[in-house]
1. Compute the distance in nm between two label points, each set 7 Å from the Cα along the Cα-to-Cβ direction, one at residue 419 and one at residue 187.
2. Using only the Cα atoms of the range 311-457, what do you get for the radius of gyration and for Dmax, in Å?
3. Could you give the nm distance between label points at residue 259 and residue 426, where each point is 7 Å from its Cα heading toward the beta carbon?
4. Any chance you could give the angle, 0 to 90 degrees and rounded to 10, that helix 22-36 forms with the longest Cα principal axis of the chain?
5. At 25 °C and 0.890 mPa s, what whole-number value in µm²/s does Stokes-Einstein give for the translational diffusion of the range 342-383, with Rh from the Kirkwood sum over Cα pairs?
6. Treating the range 17-159 as a set of equal point scatterers at the Cα positions, no solvent, please give the Debye-formula log₁₀ I(q)/I(0) at q = 0.10, 0.11 Å⁻¹.
7. Using helices alone, I'd like the mean residue ellipticity at 222 nm for the chain: each DSSP H run of four-plus residues gives -39500 (n - 2.57), total over residue count, nearest 500.
8. Restricting to Cα atoms and excluding each atom paired with itself, what does the Kirkwood estimate give for the range 219-338 in Å?
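Just so you know, all these numbers are worked out from the coordinates, no wet-lab data involved. Fair warning: this is a prediction, and the values are worked out from it, not measured in the lab. Don't worry about glycine lacking a Cβ; one is built from the backbone with ideal geometry, like all the others, and counts go over all protein chains shown.
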């Protein structure tokens, strides 16, 4: 299965790739389905199931579906236009997607949160329906938001969730072992193989421009978070802290009073800045998900700002290497918190960041694989327990610690020769098995863990 760097890193909106971006993409796909069909609907309906129902309000899933049915898409999202559209839809009780005309849709009655058992395909399920003038359903499609903004219809899931109908790629590795064998046989780096695979699907100018845009959106998001203050939405009254910590850290520079471990505060602040923006519904990049979107950019920012010899010219190697590792995790396990807990989100992100950092610091493919394994291994078993279903507590700080672990993992791996006891493939398979065994209440339902053991109002 080929997963592009632009599959792993997608420009979208907060607070959740699976609960916000995915449902919006599903709605977009449903509208396209209606445009291609012979159906001429008069109205639309939607129902949310499983984790999309239990934590949907906190993750803005209802807003995402409404806006998606109105024609909005994550990568071109305009916040001001979205707010105006939501107000208009609430008042007029209809949406007007391009090419389909005005369609009846009352958010209060036509969008249902179903708190019963989840749909059989995945914990994040939604059903979208088109109705005729009498209100009878004339077209219905079930979609699953499987993590990281990826969406599959029920039929696609049944046919095989990782089918790839594109042209063959020159280095089709499906495991870390295959990746290392190909790298040795061809005397290539992981980034070089990943680039060659990308170039089999698109030209170099598009690839380079796309990677530059990914980093620019990451950087812009981080910069906004590092200068924004106030209270995050959602009712928990969580304060933005990144800007205040950054100001204190900058004031301490040059005072010769700073302990070496303060570098961890910089790393955490970079990550928290991104995730505070995500929690506020800002523009972010899935890396590989919104809930884990701070780990990779924080690690890159640490490298650029604090490591001698770092250069933005190498960011493509970082992101291509990270995407290769993320693709292995998604193909062989999951990047969905609703499927495997936060080990699949921050754990995967930490492995990706560790691999990318090891690559730009001159690591061999074996050292890069070791870095990813160390980072993932030490997130195994991590639950997803967002308080009140918001991507705030513990998610924001968790990204900071994920970045710190990524940097430590890369450093440890580079101290060795790449030979190590636990292969990355074993760590990925262990994560998959752990996710299968994990109680549902610890997988993004906000029914266990911190979500029920701390005051949330």
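1. Result: 2.3 nm between the two label points.
2. In order Rg, Dmax, the Cα atoms of the range 311-457 give 15.5, 50 Å.
3. 3.6
4. 50
5. The calculation lands on 247 µm²/s.
6. Scattering profile of the range 17-159, log10 relative to I(0): -0.29, -0.35.
7. The helix contribution divided over the chain gives -15500 deg cm²/dmol.
8. Kirkwood hydrodynamic radius for the range 219-338: 15.6 Å.
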